[in-house]
Amino acid sequence: MSFDLVVRSRRAVLPEGERPAAVCVSDGRIVSIEPYEEVEGVDLGDVALLPGLVDTHVHVNEPGRTEWEGFATATRAAAAGGVTTIVDMPLNSLPPTVDADALAVKRAAATGQCHVDTGFWGGAIPGNAADLPALYDAGVFGFKAFLVDSGVPEFPPLSAPQLREALAAVDALFVIHAEDPTAIVPAAASAHYADFVASRPPRAETGAVATVVAAARETGRRLHVLHLSAADALPSTVDIPNLTVETCPHYLTFSAEEVPDGATEFKCCPPIRDAANRDALWQGLASGAIDFVVSDHSPCTPDLKRADTGDFAAAWGGIASLQLGLPVVWTQAATRGFGLADVVRWMATRPAEVVGLARKGRIAVGYDADLVAFEPDAAFVVDAGRLRHRHPITPYHGRALLGKVRTTWLRGSVVDGVTPRGRLLSRGAA
């Protein structure tokens, strides 16, 4: 039997675990998985073969704020980091994706630019509950909402009653930025990271997560807590079948104690917390209380990071990391006794399952042939200037990491960063 592509590895990470295998591809899908020795093809040897990662929390910012990022640069960076599917957030672009017309504008901007497959979230804001069913029917994967100021005026937050109104309008997955504005202290101008962290204490997250938990219990709708930073909130989320939780590589890697004063590239909301909290997040991953890990890639232009003053209060809150998520998480996971199968579950399989990407996130027959050759023992030091996203700003600059992406395949074709082959995905057809 002939195939369009065969990739062989002694360390293929399959749903049943890591083993030698030959992954056989025809027409962009995995059609057979054979013994490593029995089929000729691209031979990775001891370089691991992973499914393409699925990052469901990416701010591309195009159209309207394309100078912050953009589909071409974001998806090129994604592919370089082994991410073969992203789902774009509905805000920071202009117009925000809060109705079907705005989604059409977003899709038009993305057409012909994407190097990886790209889906879209819709947005739930005050006053647009009536627009949500049509937006859902147009193909978004669910709805993003804030319970606190989003940072941009065109995407205001929902109150608890407004959240319930949105949940009543459409039976969809709602993904929530969960911070309680009543627990946040307006930050004064300061270059001290400790002052910024103190302005957004853990109780801001625990209070807002309690609101999300109550909504999940009362409505039966599916809800998801975005970028959980405060591990104190986790006990309230367990044993609720219609609630899922994510965290991000920066919360699993950095600690507040190591963030230098004035280093605004570390600013994000909710903030990076202390080392004990970081360890508790890892415990949440191990127990399953945290379902998966995604980037929350939220870049901006260099001036908005306010490196000139180092003022955390004035700086844009967002971390650029789309290309680095896999080695960042692997570096920490390997030192904590986890394996590649764990990383695949957190960064490919579970995000695909939760969002509804039925052919993504696994090396299995019938799935898209989204594959990554990953050398887990290769060490490197991050050079921000060599990253593929638009601006060379990241808190990982100069950091030693473990694991290099050697090749990324999207539906059986090598992603070369030159020819955009990514498809625009719609819910139900992905």
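For the stretch 245-306, just say rounded, prolate or oblate: build the C-alpha gyration tensor, square-root its eigenvalues into a ≥ b ≥ c, call rounded for a/c under 1.5, and beyond that prolate if a/b exceeds b/c, oblate if not. Cα axes put the stretch 245-306 in the oblate bin. Counting only Cβ charges, +1 for Lys and Arg and -1 for Asp and Glu, the dipole size of the stretch 150-269 around its Cα centre is about 360 debye. Inter-label distance, Ala286 to Asp27: 4.6 nm, where each label sits 7 Å from its Cα along the C-beta direction. Name the lysines eligible as straight-distance cross-link partners of Lys144: C-alpha to C-alpha under 18 Å, and not fewer than 8 places from it in the same chain. In chain and number order, the partners are Lys106.
Projecting the alpha carbon convex hull of the stretch 193-290 along each direction and taking the average yields 5.9 nm².
Taking Cα centre as origin and charging only the Cβ of basic (Lys, Arg, +1) and acidic (Asp, Glu, -1) residues, the dipole magnitude of the chain rounds to 340 debye. Quick one: helix 100-110 against the long Cα principal axis of the chain, what's the angle to the nearest 10°, folded into 0 to 90? Taking the Cα atoms of the chain, the angle to 100-110 is about 50 degrees. Compute the acute angle (0 to 90°) between the alpha-carbon long axis of helix 71-80 and the principal axis of greatest extent of the alpha-carbon atoms of the chain; round to the nearest 10°. Helix 71-80 sits roughly 50 degrees off the main axis of the chain. Between the stretch 346-382 and the stretch 1-34, the C-alpha centres lie 13 angstrom from each other. Could you give the angle, 0 to 90 degrees to the nearest 10, between helix 202-219's Cα long axis and the longest principal axis of the Cα atoms of the chain? Relative to the chain, helix 202-219 is tipped by roughly 70 degrees.
Among the listed options (i) 0.97; (ii) 0.93; (iii) 1.03, the one matching Cα Rg over 2.2 N^0.38 Å as calculated from these coordinates is (ii). Adding -39500 (n - 2.57) for every DSSP H run of four residues or longer, then dividing by how many residues the chain holds, sets the calculated 222 nm ellipticity at -7000 deg cm²/dmol.
Can you give me the Kirkwood hydrodynamic radius for the stretch 6-52, using every pair of distinct Cα atoms, in Å to one decimal? Provide the component values of the computation, followed by the final result.
On the way: mean 1/r = 0.0963 Å⁻¹.
About 10.4 Å for the stretch 6-52.
Of all DSSP beta bridges in the chain, what percent run antiparallel (nearest 5)? The antiparallel proportion sits near 50 percent. For Lys267, a cut-off of 19 angstrom between C-alpha atoms picks up these lysines, skipping any fewer than 8 places away in its own chain: Lys305.
Bear in mind these aren't lab numbers, they're just calculated from the coordinates by the rules spelled out. Predicted model, so just to flag it, every value in this text is computed and none were measured. We place every Cβ from the backbone using ideal geometry, glycine too, and count neighbours over all the protein chains shown.
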